[in-house]
Every structure is written in C-alpha cells, then in structure tokens.
Amino acid sequence: MAESQIDPKTGRRFITIATGKKSRGYGGGGLTSTAMDYAKFCQMILNNGELNGRTILSRKSVELMTANHLPSNVVVPNMYLQDDGWGAITPIPNSFGTGFGLGFSVRLESGKHPLPGSVGDLFWLGGLGTSFVIDPKEKLILILLTQQPNLLIEHHRLLRQMGYSMLIN
C-alpha cells in the first residue's frame, strides 16, 4: 500500500495510512484502489452509467450525480487561488461558476473558472493528491494520481492545462 510523500516542512508523512489499526474518521480514509479502477469509474460516468456494454448505474442515477445540488446562493469556493496548496472545497457562498453534484464538483457556467474546461465538466481532488476531470462535451477524462497533498491545487491546474491543450478539434 502506497504511503503519502514526506512533507518537506515537517519531515513527516502528510498522512500515515493505518494498517491493521482503526482508520481515521474521514470519508475515503484508508481506501485504496488502482489507476485502472479509477479510469473505469470515470469512463462509466462519461458513458452515463455504462461500461463495456454493461449498465453499472442507471442513466437517471448519473444525471442526479452530475447535477448541482447546492442552493443558488451556495457554490464551491475559489480553491484555485489559495496559496497554501491545499485549498478549501467545502461549499460556501462564493461564485466561481461551479456547483456540487453527488460526488464531485460540476462546472455550471462558462467564463468564471480560471482553468480550461466545459460547462458540465465534473472534477474532484482527493485528499492525498488524486485529481480527475470528466468532460462529457469533449469526451475527455483526465486522471492524475500523486501522493503530494501540498501540491494538490497546483497539480490540478497542470492536469487541466496539459490535458485540454492536447485537444486538436
């Protein structure tokens, strides 16, 4: 099982994964997966719940997951301009053209987000440094798996910039 990188400021790991002991009490704490499983999940969402000819989630479930569920006066904050590398992703009053579905952020408007993307793109940044984007309009999936939470926001910026710059048509 992979452990997080060493924090250069403290000389200790950002998070130590519990092995055989009680895990931390946060969503996803101690969960592990593979890059292939992550890619399959993203492809399944991009395909409206289908993967390799099989229905994994109903079309309606995916619609609910990818729709904004925040009230109109609450959106995901401007996490890309925070300079501590972590960024807050708790929904608070702040307009950045994004909302929150059931599992990830959803781009609601064009022209408000500083990074490339399309209205309707979905994204999330995991606590230890994982990052993904699902863009149905472009039929694009971007995934970055790192173990450096101190560079989470910067890595997500680079992922989007490099991924969208590769689109030709």
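Cross-link check: pairs Lys9/Lys139; Lys9/Lys137; Lys40/Lys60 evaluated at a Cα-Cα cut-off of 30 Å; pairs beyond the cut-off: Lys9/Lys139; Lys9/Lys137. Exposure proxy for Thr32, Thr98: other Cβ atoms within 10 Å of each Cβ, ordered fewest to most, give Thr32, Thr98. Scoring 36-45, 54-63 by mean Cβ neighbours within 10 Å over their residues and listing the highest first yields 36-45, 54-63.
Taken together, the values in this text are just the output of simple stated rules run on the coordinates, not laboratory data. What you see is a predicted model, and the numbers here were worked out from it, not measured in a lab. Every residue, glycine as well, gets a Cβ built from its backbone with ideal geometry; the counts of neighbours run over all protein chains shown.
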